[in-house]
Amino acid sequence: MEAAVASERDVTEEGSRDFRSPTPVLAALDLGTNNCRLLIARANGRGYRIIDAFSRIVRLGEGLTRNGALTEDAMRRTIEALKVCAGKISRRGVTHGRSVATEACRRASNCEEFLGRVRADTGLNIEIITTAEEAQLAFRGCSPLLSPRHPRALVFDIGGGSTEIGWLRLRNSHPPELIDSVSIPMGVVTLSENYGSCRMPPETYRRMVDDVSAPMADFAARNGIGARVAAEAVQMLGTSGTVTTLAGIHLGLARYDRSMVDGTYLDFDTIRSISRGLADMTYEERCRYSCIGADRADLVVAGCAILEAICDLWPVGRLRVADRGVREGILDGLLNNVNRRRSRRRRRARTEAAV
């Protein structure tokens with residue numbers, strides 16, 4: 001999953017002191033094609049509170065479309081970021097954690113070698129998850145932003161190496177149900193490598209949008225999504241650096257602010273206007289936007305093209321922006337496991353006391 005902030009973010013909400021507690025401390029690490037992101041949270045009953053976070057653009061998948069393998073420079077950058085994550089996990093006394101890798105590691109021929117180096121250098125055991133599980137985690141993480149007023153939802157995550165799209169059913173008093181999902185093997189890194197990052201003529205930009213649209217057609221047809229959209233029964237939710245970046249630009253933020261962006265709405269006319277404006281800019285002009293910066297200025301247009309393809313295919317009219325996803329989905333799963341074990345221990349204790 002992309003980051004929509006500067007190249008590195010390191011947030012510590014409870015100071016820099018060593019923090020250890022008998023209360024479960026949860027860690028979720030998401031290693032994507034473009035970003036390395038970590039959340040650490042303290043369990044609090046049925047919820048949790050974030051106590052530490054880290055995000056760095058590492059471009060692990062750089063050059064992957066050309067040679068099918070991770071480059072030495074990309075692996076070295078990523079391992080350095082993972083060392084920071086490992087240090088935070090140790091210092092915070094994490095009791096339950098999960099680290100996952102997505103598209104770049106799924107596709108790279110030398111991924112096992114890379115993950116072996118990660119274990120040796122950082123102590124982290126990173127598992128490669130399927131596209132289906134990646135989608136489940138991302139959609140689970142952002143599901144609190146879905147409204148029960150619409151019975152169906154399109155939820156998408158534009159990543160560095162792939163784009164996950166889910167079709168969900170919503171019912172009152174029930175968690176969202178994933179009906180179907182599709183993984184498009186195109187993300188901001190892979191598409192940028194194919195089309196470049198300079199000022200893009202309208203016809204080239206349109207060709208990029210059309211290239212992304214084609215793999216989505218079967219998914220749309222088999223689920224009858226068009227008819228549901230026409231009946232105004234569908235809401236749309238986007239979780240990615242692309243949508244959060246566009247939201248930050250739309251809001252005129254001098255500096256990216258998650259509290260302002262997460263949960264806000266973007267209408268499709270605004271998306272198209274900003275996207276085509278960015279495509280018509282040089283790399284240097286895009287860099288001037290504080291919500292883009294130098295590390296994402298060459299990737300943002302590819303994200304815009306993917307987003308426009310989604311908007312064109314399913315004209316819902318507006319989407320809700322989520323600055324959350326896989327990491328929050330992991331934390332939710334870890335918390336549920338902790339609470340289930342606690343419940344089993346309580347039942348066992350009551351049974352033993354009654355004997």
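The values are calculated or read from the model by the stated rules, or taken from the named source; none is laboratory data. As the structure is a computational prediction, the values presented were derived from the model and not from experiment. For neighbour counting, all protein chains shown are included, and Cβ atoms are generated from backbone atoms with ideal geometry for every residue, glycine included. Side chains are part of the model used for accessible areas, which takes the heavy atoms of the whole protein and leaves out ligands, DNA and RNA. Shrake-Rupley method; radii C 1.70, N 1.55, O 1.52, S 1.80 Å.
Here are some notes:
- The residues of segment 108-153 have, on average, 48 Å² of accessible surface per residue, using a 1.4 Å probe with all protein chains present.
- Annotation: the antiparallel percentage among DSSP beta bridges lying fully within the chain is about 70.
- What segment 267-355 shows is 45 Å² of accessible area per residue, with the surface traced by a 1.4 Å probe over protein heavy atoms.
- Counting heavy atoms of the protein chains alone, HIS174 has an accessible area of about 100 Å² for a 1.4 Å probe.
- Contact order normalised by residue count of the chain, Cα under 8 Å, 6+ apart, percent: 21
- For the chain, taking the reciprocal of the average inverse distance between every pair of different Cα atoms yields a Kirkwood hydrodynamic radius of 20.9 Å.
- For segment 244-355, the fraction of 1.4 Å probe accessible surface lying on carbon and sulfur atoms is 46 percent.
- Its Cα gyration tensor gives segment 196-352 an equivalent ellipsoid; the semi-axes, largest first and in whole Å, are 37, 22, 14.
- Solvent-accessible surface (1.4 angstrom probe) belonging to ARG347, in square angstrom, nearest 10: 120
- Percent of beta bridges antiparallel (DSSP, segment 138-266, rounded to nearest 5): 75
- CYS304 accessible area, 1.4 Å probe, all protein chains in place, Å² to nearest 10: 0
- Per residue, the chain reaches -13500 deg cm²/dmol at 222 nm when only DSSP H runs of four or more residues are counted, each adding -39500 (n - 2.57).
- Among complete DSSP H helices in the chain, those whose alpha-carbon atoms stretch at least 15 Å along the helix's long axis and whose mean Kyte-Doolittle hydropathy reaches 1.6 are 300-313.
- Highest average first, the peptides 112-123, 232-243 ordered by how many other beta carbon atoms sit within 10 Å of their residues are 232-243, 112-123.
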